[in-house]
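> This is the structure I want to talk about, given as structure tokens.
Coordinate-derived values only; no laboratory data. Source: prediction; values computed, not measured. Counting neighbours? That spans all protein chains shown, and the Cβs are built from the backbone with ideal geometry, glycine included.
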Amino acid sequence: MVEKAYVVMNPTGVHARPAKKIVEAAKICEGTVYIEKGGRKVSAKSLVNVLSIGAKQNDTVTVSAEGEKAEAAVDAIGAVLASVEA
Amino acid sequence: MMATEIKGIAASEGYAIGRAVILREEAVPQGITYVEAGEEAAELSRFDTAVAAARSELEELHNRMITDGREKEAEIFEAHLMLLEDEELIGAAQERIRGQRYKAEAAMNESGEEVADMLASLDDEYLRERSADVRDVSRRVIRKLGHGTDADSVPASTTATHSKEKSILFAFDLTPSDTAQLDPSVIGGFVTAVGGRTSHSAIIARSVGIPAIVGAGDEALRIEDGQLVIVDGAAGLVLVEPEDEELARYQALQETAAGQRALLEQFRGKPSVSADGHQVELVANIGSVQDAHQAHEQGAEGVGLFRTEFLYMGRSDLPTEDEQFSAYKDAAEVFGQGAPIVIRTMDIGGDKELPSLQLEKEDNPFLGYRAIRICLDRPELFKTQLRAVLRASAYGNLKIMFPMIATLGEWRQAKALLEQAKQELRSENIAFNERIEAGIMIEIPAAAQMADRFAREVDFFSIGTNDLVQYTMAADRMNPKLGYLSDPLHPPVLRLIDQVIRAAHKENKWVGMCGEMAGTPIAIPILLGMGLDEFSMSASAVLPARALLSRLDREKLTSLAEAVLDLDDAEAVRSYVEQHVSELAK
């Protein structure tokens, strides 16, 4: 299993556009991909779920994945979280 | 039959006359129904077929919005497409069919409601609004399973019935996809039972330009299909089966409004020039990036006043440098390179409180600790904003303006802090416009009196008439009993304005005005005659002001601008201008 922590850099938090990119990134991995904030751990392959953790700027978010291309998916999600661009 | 009236909230201006079309809520399958054991696979494939049909429908809608240049609407459908692939929504429905033998409709309905309820319970307005999108998507799939009308309800029920006349849509509420598809050539206006001025449907109505009334209550749903109705979007009134006289009155109003609109349309995208070829700048007052879009649509050439305090209000913490930077940069990018964007540093205090600053209560807040007075006292707060404005200046023609300046010392301190912020950015190798203009607002009589001295040091002035009037006349502008004093046309105020414009022009500096006065038809001839260079107003006043300007002769108005300074009071000024400027009558 791959697990990494990131700080949300986007000033508007994880809203529609970044959430969409996270779901796309999660789908790189064939297996399970989770995103966790403040004890709430949800599948990163669902837009609804990713939105529902309500991650804001400067929040710490943990991303974990298991299965083929897990590392690639986690890194791709990390890139979205660390990006300042909306 | 007597005409009935229904009162609601005026959500989008204009008049519409047409036949009522009622959008009934589709019957959503109630309760849970099951399929026989062994039929799960067949039910699952029926569900998947419906999802695929919903997808191709959404793709088509999305493409149509793109072709029509309706980006906002296209984004709605893009989000819906994404939801259609969501494992929490679609995956959960499939699981209900596969594992619990749910019928497809029941499975979709339950998953949709579960997700929508979850989003609706979150402490985030943006996410709460998304619950409407989830319900919208789940209803679309249920429709594809053979329930309710097959196509989207709006075009289906309207084009079919009354093709010659426009339709007036009545609904409990409009779903995001209903509103996105409103076609102004078919729908004359709409009325909903619920909703407020900022609801999704109200915003779209204003952007498409059709009259709308929201929050009209259950009465709006007792209308019958095909009844003749009038929607008065200005008054928030629906007239059902109007008398002939009423109908004629509204037809006349409609024609006048259409004529005026067509007349004003000619001035969109044109320079703001007087009849004798004198050019000025007509810009808008804004408080957010959204306002910037609206101002741009309404023909403003730029922004004369960005009220940045709105970024600070309605929250418990302070906006960060990055957050402010994005807002200023986005506003500049709406208007494009070269368009002037005047950013006024925060004007907190007075009537605008801010929980995060924990300001003490004062007896006279308008004469108290506010605006630049707070900023100079708390430079760390000010610096954050200055850095944000400077960074954004790399992306457009930003100018910075300090409010509530009373003394030369305050201006110099503010300027020194701006220089410090520049120095910081230089040493951090962050790009900004080295030649960014810095000016002050003239709203305190003390500054107006010293305008000649200020003019040597600043790049520009912008006259804030709302405060200038209340400080000159010693009349609280919130007190309705003092309305006769709160009038910018009083000669003492006009004299100060005249003095400020002269002082600035002597030093070759430009002068703007960002109070309500700048967009008032009666004041425009005076200000033009005095030589005001920039007029900043609410977005909706821009095209009418440009139209008025095109009929005014600047040369002839200089004597009018001088004459009014010698009159007794605002009343005398008003009648003098009305008498001498025949264009105001048109």
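> Exposure proxy check: B:35, B:229 ranked by fewest other beta carbons within 10 Å?
Working: B:35 18, B:229 26.
Ranked by crowding around the Cβ, least crowded first: B:35, B:229.
> While we're looking at this one, here's another question. R0 = 56 Å: FRET efficiency of residue B:253 with residue B:95, Cβ-based, nearest 0.05? Intermediate results must be reported in sequence, preceding the final value.
Values: r = 57 Å, r/R0 = 1.01.
Result of the calculation: an efficiency of 0.50.
> What is the distance in Å between the Cα centroid of the range B:243-272 and that of the range B:548-566?
28 Å
> For the range B:165-323, give the magnitude of the charge dipole about the Cα centre (Cβ charges: +1 Lys/Arg, -1 Asp/Glu; no others), in debye to the nearest 20.
Working: 10 positive and 26 negative charges, 71 e Å.
So the dipole magnitude of the range B:165-323 works out to roughly 340 debye.
> Which whole-Hz ³J(HN,Hα) couplings does the range B:535-552 yield from phi under the Karplus relation 6.51 cos²θ - 1.76 cosθ + 1.60, θ = phi - 60°, glycine and proline marked x?
10, 10, 8, 5, 3, 5, 8, 5, 5, x, 5, 5, 5, 4, 4, 5, 9, 9
> Highest mean first, what order results for B:255-265, B:302-312, B:410-420, A:39-49 on Cβ atoms within 10 Å?
On the way: B:255-265: 12.0, B:302-312: 24.1, B:410-420: 16.8, A:39-49: 20.0.
For the peptides B:255-265, B:302-312, B:410-420, A:39-49, the packing ranking is B:302-312, A:39-49, B:410-420, B:255-265.
> Here is a follow-up. Output ³J(HN,Hα) for the range B:399-410: one whole-Hz value per residue in order, computed from phi by the Karplus curve 6.51 cos²θ - 1.76 cosθ + 1.60 with θ = phi - 60°, and x for Gly and Pro.
10, 10, 9, 9, x, 6, 7, 10, 10, 4, x, 4
> Hey, another quick one. On full extension of the chain, what length is gained from residue B:313 through residue B:235, given 0.36 nm per residue of separation minus the C-alpha to C-alpha distance? Show your work: numbers first, answer last.
On the way: separation 78, 0.36 × 78 = 28.08 nm, distance 3.01 nm.
Length gained between residue B:313 and residue B:235: 25.1 nm.
> Once you order the gyration tensor axes a ≥ b ≥ c over the Cα atoms, which shape class does the range B:241-387 get: rounded for a/c under 1.5, otherwise prolate or oblate by comparing a/b with b/c? If you can, show how the numbers build up before the last one.
Numbers: a/c = 2.61, a/b = 1.73, b/c = 1.51.
Judged from the Cα gyration tensor, the range B:241-387 comes out prolate (a/c at least 1.5, a/b above b/c).
> Under a point-charge model restricted to the Cβ atoms of Lys and Arg (+1) and Asp and Glu (-1), what is the dipole moment magnitude of the range B:83-150 relative to its Cα centre, in debye to the nearest 20? Walk me through the numbers on the way to the answer.
Values: 11 positive and 17 negative charges, 115 e Å.
For the range B:83-150, the charge dipole is close to 560 debye.
> Right, something else. May I ask for the distance between the Cα centers of the range B:478-502 and the range B:339-370, given as a whole number of Å?
Result: 22 Å between the Cα centres.
> Calculate one ³J(HN,Hα) per residue across the range B:511-519 by plugging θ = phi - 60° into the Karplus curve 6.51 cos²θ - 1.76 cosθ + 1.60, and present them in order as whole Hz with x for glycine and proline.
Residue by residue, the range B:511-519 yields 10, x, 9, 10, x, 4, 3, 4, x Hz.
> So what's the gap between the Cα centers of the range B:25-96 and the range B:440-477, to the nearest angstrom?
Going from one Cα centre to the other spans 59 Å.
> Given the -39500 (n - 2.57) contribution per DSSP H run of 4+ residues, what per-residue ellipticity at 222 nm results for chain B, rounded to the nearest 500 deg cm²/dmol? Show your work: numbers first, answer last.
Values: 23 runs with 271 residues, N = 586.
Value at 222 nm, helices only: -14500 deg cm²/dmol.
> In addition: Mind listing the long-range amide H neighbours of residue B:510? Cut-off is under 5 Å, sequence gap 5 or more, other chains count too, H placed in the peptide plane at 1.01 Å from N.
For residue B:510, whose amide H was placed from the backbone, the distant partners under 5 Å are B:461.
> If you fit an axis through the alpha-carbon atoms of helix A:16-26 and take the longest principal axis of the Cα set of chain A, what angle between them do you get, 0 to 90°, nearest 10?
The angle comes out at about 10 degrees.
> Hey, another quick one. Mind pulling the angle between the C-alpha long axis of helix B:554-563 and the longest principal axis of chain B? Nearest 10 degrees, somewhere in 0 to 90.
It works out to around 60 degrees.
> To continue, here is another question. Within the range A:48-63, which residues have the backbone N less than 17 Å from the label spot 7 Å out from residue A:32 along Cα→beta-carbon, could you tell me?
A:49-50, A:62-63
> I'd like to know which of B:358, A:47, B:138 lies farthest towards the positive end of the charge dipole of the protein assembly as shown, counting +1 on Cβ of Lys and Arg and -1 on Cβ of Asp and Glu.
Ranked along the dipole, the leading option is B:358.
> Report the trypsin sites (Lys or Arg not before Pro) located in the range B:416-493 that are in a DSSP loop and have at most 15 other Cβ atoms inside 10 Å of their Cβ, or state none. Mind dumping the intermediate values first?
Working: sites: B:422, B:426, B:435, B:453, B:456, B:477, B:481; in loops: B:435, B:456, B:477.
Listed in order of number, the matching sites are B:435, B:456.
> May I pose another question? Quote to one decimal, in nm, the extra length available between residue B:423 and residue B:36 on full extension: 0.36 nm per residue of separation minus the C-alpha distance between them. Walk me through the numbers before you get to the answer.
Values: separation 387, 0.36 × 387 = 139.32 nm, distance 7.58 nm.
My answer for the length gained is 131.7 nm.
> Can I ask one more? If you take every DSSP beta bridge fully contained in the range B:266-585, what fraction is antiparallel? Give it as a percent rounded to 5.
Values: 3 of 31 bridges.
In the range B:266-585, DSSP labels about 10 percent of beta bridges as antiparallel.
> Starting with the fewest neighbours, write out B:514, A:29 ranked by other beta-carbon atoms found within 10 Å of each beta-carbon. List each step's numbers first, then the result.
Numbers: B:514 30, A:29 23.
Ascending Cβ contact count within 10 Å gives the list A:29, B:514.
> Still on this structure: May I ask what percent, to the nearest 5, of DSSP beta bridges between residues of the protein assembly as shown are antiparallel?
If I count the DSSP bridges inside the protein assembly as shown, around 45 percent turn out antiparallel.
> Expressed in nm to one decimal, what extension gain is obtained for the pair residue B:246 and residue B:502 from 0.36 nm per residue of sequence separation less their Cα-Cα distance?
Once the chain is fully extended between residue B:246 and residue B:502, it gains 86.9 nm.
> Taking amide hydrogens as modeled 1.01 Å from N in the peptide plane, which residues meet the under 5 Å criterion relative to residue B:339, leaving out close sequence neighbours?
B:397
> If you don't mind, there's one more thing I want to ask. Arranged by the count of other C-beta atoms within 10 angstrom, fewest first, what order do B:490, B:278 take?
Details: B:490 22, B:278 16.
Least to most surrounded, the residues fall as B:278, B:490.
> Given charges of +1 on the Cβ of Lys and Arg and -1 on the Cβ of Asp and Glu, with all other atoms neutral, how large is the dipole of chain B about its Cα centre, in debye to the nearest 20? Could you put the intermediate results ahead of the total?
Working: 60 positive and 98 negative charges, 359 e Å.
Charge dipole, chain B, about its Cα centre: 1720 debye, nearest 20.
> Using a cut-off of 14 Å between beta-carbons, work out the net charge of the residues near residue A:29 (Lys and Arg +1, Asp and Glu -1, residue A:29 not included).
Details: positive: A:4, A:27, A:45, A:69; negative: A:3, A:24, A:30, A:66, A:68, A:71, A:75, B:87.
Here the charged neighbours net out to -4.
> Using only Cα atoms and rounding to the nearest 10 degrees, what angle (0 to 90) does helix B:244-265 make with the longest principal axis of chain B?
60 degrees
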